[in-house]
Amino acid sequence: MRDARCVQIGAVRGSRGRVPALAAAIALLTASPAPARSWLRHTIDNSFLGADGARAEIGAFDHAPEFAVVWEQTGVTTLHKWPLDPAIAACAWPSRIVGATPNSEDAVAVDLDGDGDRDVVVCMEGPQRRVAAFINRGDGFDEFNFNLAPFKWMIAEPADLDGDGRPDVVVGGRFVQQDEQGQIAWLRPGAHASQFEDWTSEVISEVGWPMTILTLDVDGDGDQDVVLADRYGPERGLRWLENPHPAHGAGLWTSRTIGLANRRVKSAAAADINGDGRIDFVATYERVGNVPPGLVVLFGTAQGWSMTHVPLPQGMGEPKNVAVADIDLDGRPDIALTCESAYKGLAGVCVFLQRDGGAWLPIDVSGPEGCKFDVVTTIDVDGDGDLDLITTEEGDNGEYEALGVVWYENPTIHSPSGMASFLTMAPEACEAIPSPFLVELARRLREAALTPPARR
């Protein structure tokens with residue numbers, strides 16, 4: 001059943017008729033800029049059903065990453081190419097289908113074999129229960145399934161756990177039966193990374209339902225440890241696995257608590273929130289019984305981590321995924337948050353701006369459109385100098401009309417050369433007007449904005 005209160009796409013997309021090139025160009029030139037402090041939404045892709053997370057690639061391409069997206073209901077994974085110029089960032093991004101991935105939950109792009117191309121790792125649950133690498137061959141992808149136990153694989157995180165300079169992959173699979181445990185497994189290449197049949201897997205921990213995997217040096221000993229947000233199981237909460245220096249010999253990965261014990265943690269992000277040089281974490285957890293959902297900051301101390309709750313305002317859904325970045329360019333880390341269950345006018349994407357004295361100012365980014373958002377990425381999409389938000393909205397597993405893969409334009413810096421602000425009013429112009437024309441138009445607007453008026 002569809003609910004117009006959940007999403008009103010037509011109000012944003014405009015008419016579906018094709019816009020003649022000249023009329024569209026005039027509309028672009030005469031359109032008014034966005035109102036101050038409003039976050040405009042732009043569609044990257046909405047071609048399939050069930051967009052369940054868009055993740056930026058990991059590796060040497062981070063300056064202009066491509067995004068891997070799983071479409072859970074359709075059963076495919078796509079790779080979306082970064083726009084050629086910020087002027088056309090509001091248009092649908094070029095993409096290609098990586099492969100058929102039924103019941104896929106997560107995908108991430110990384111150069112696994114060192115050939116300079118973007119490969120894609122996809123996690124699948126359902127009856128498939130596998131982790132597949134889609135190897136980029138230029139004109140297509142070859143699929144390789146890693147040798148893993150048949151858990152419901154939920155998430156993959158590229159890393160370099162053994163310090164050999166080549167990408168490994170840490171994957172997390174949840175239980176199949178309620179009384180069972182899942183696994184955290186470490187996938188690493190053999191002598192030649194391109195020979196995928198020689199990749200090995202090693203179980204480094206049991207887990208209930210992994211929601212987030214982070215890799216960072218928690219204990220400051222020079223190697224990457226693994227941080228887990230575990231939603232279910234006897235060790236549910238936020239914890240980290242201490243790397244036993246595998247480059248110097250095999251060892252046990254010791255599990256150590258960070259916080260939120262017995263909470264059903266949905267996501268986590270690492271940053272230095274208060275500028276004291278220690279690793280802090282921002283995390284969300286879900287509602288259970290009489291315990292409401294929460295958003296917390298765990299501040300690093302000499303003894304461990306000290307938890308502080310971030311007050312959640314009325315009018316937003318239940319917290320899902322977090323990212324930390326300086327959203328308003330004041331030099332302090334802020335929080336970007338996506339939500340589930342954002343029904344009946346509730347906001348599904350928000351930012352919390354850090355203020356003096358540990359206060360947080362909540363800002364509604366998305367408005368009432370969208371119900372079930374997922375992974376959020378902070379990145380400067382339109383090249384204006386501030387960080388925008390990329391996320392997905394799947395319409396609550398097909399119950400509602402979905403937004404797909406979208407990005408929200410940060411209003412902190414608004415430049416007349418930002419074509420994205422104009423194109424939102426008539427996205428059909430992306431089809432009617434050639435991209436080189438839009439790029440040239442943006443260049444001329446930028447020059448006009450930077451050139452002082454001549455004296456008479």
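The values are calculated or read from the model by the stated rules, or taken from the named source; none is laboratory data. Since we're looking at a predicted model, the values are computed, not measured. Note: ideal-geometry Cβ built from the backbone for every residue, glycine included; neighbour counts use all protein chains shown. These area figures cover heavy atoms from the full protein model, side chains too; ligands, DNA and RNA do not enter into them. Shrake-Rupley method; radii C 1.70, N 1.55, O 1.52, S 1.80 Å.
Expressed as a whole percent, the accessible surface of the range 206-355 that belongs to carbon and sulfur atoms is 48, based on a 1.4 Å probe.
Express the C-alpha Rg of the range 213-350 as a ratio against the empirical globular expectation 2.2 N^0.38 Å, rounded to two decimals. Kindly include the intermediate steps, with their values, before the conclusion.
Working: Rg = 16.0 Å, N = 138, 2.2 N^0.38 = 14.3 Å.
Against the empirical 2.2 N^0.38 Å value, I get 1.12 for the range 213-350.
With Rh defined as the Kirkwood radius, the inverse of the mean 1/r over Cα pairs, the Rg/Rh of the range 219-288 is 1.02.
The calculated FRET efficiency for residue 81 paired with residue 287, based on their beta-carbon distance and R0 = 41 Å, is about 0.60. Eigenvalues of the alpha-carbon gyration tensor of the range 140-235, scaled by 5 and square-rooted, set the equivalent ellipsoid semi-axes at 23, 19, 10 angstrom, largest first.
Converting phi to 3J(HN,Hα) with the Karplus coefficients 6.51, -1.76 and 1.60 and the offset θ = phi - 60°, the range 200-217 yields 10, 10, 9, 6, 10, 6, 7, 7, x, 9, x, 10, 9, 10, 10, 10, 7, 7 Hz in sequence order, with x at every glycine or proline.
Would you calculate the volume per residue, in Å³, of the smallest convex hull containing every Cα atom of the range 198-237? Let's see the in-between values first.
On the way: hull volume 3.8 nm³, N = 40.
Residue-normalised Cα hull volume stands at 96 Å³.
Residues whose amide H lies under 5 Å from that of residue 168, counting only those 5 or more places away or on a different chain, are 159, 160, 161; hydrogens are built 1.01 Å from N in the peptide plane. In order along the range 341-356, the Karplus-derived 3J(HN,Hα) couplings, from 6.51 cos²θ - 1.76 cosθ + 1.60 at θ = phi - 60°, round to 6, 8, 8, 6, x, 6, 6, x, 9, 9, 10, 10, 8, 6, 10, 5 Hz, and Gly and Pro are given as x. The residue among 215, 189, 146 whose Cα reaches farthest toward the positive pole of the charge dipole of the range 112-232, with charges on the beta-carbon of Lys, Arg, Asp and Glu, is 146.
The residue among 88, 51, 40 whose Cα reaches farthest toward the positive pole of the charge dipole of the range 37-129, with charges on the beta-carbon of Lys, Arg, Asp and Glu, is 40. Distance from the C-alpha centroid of the range 172-192 to that of the range 96-129: 16 Å, rounded to the whole angstrom. With the simple model of a label 7 Å out from the Cα in the direction of the Cβ, residue 314 to residue 413 spans 3.8 nm. The three principal axes of the C-alpha atoms in the range 270-372 carry coordinate ranges of 43, 35, 20 Å, sorted with the longest axis first.
Here each label is just a point 7 Å from Cα along the line to Cβ, and for residue 355 and residue 137 those points are 5.8 nm apart. Along its first, second and third principal axes, ordered by size, the range 65-182 spans 52, 38, 23 Å in Cα coordinates. 3J(HN,Hα) along the range 184-199: 10, 10, 10, 9, 9, x, x, 4, 10, 4, 6, 8, 5, 5, 9, 5 Hz, from the Karplus curve 6.51 cos²θ - 1.76 cosθ + 1.60 with θ = phi - 60°, whole Hz, x for Gly and Pro. Label positions at residue 380 and residue 245, each projected 7 Å from the Cα along the C-beta direction, are separated by 4.0 nm.
Extent along the principal axes, Cα only, for the range 185-264: 41, 27, 17 Å, with the longest axis given first.
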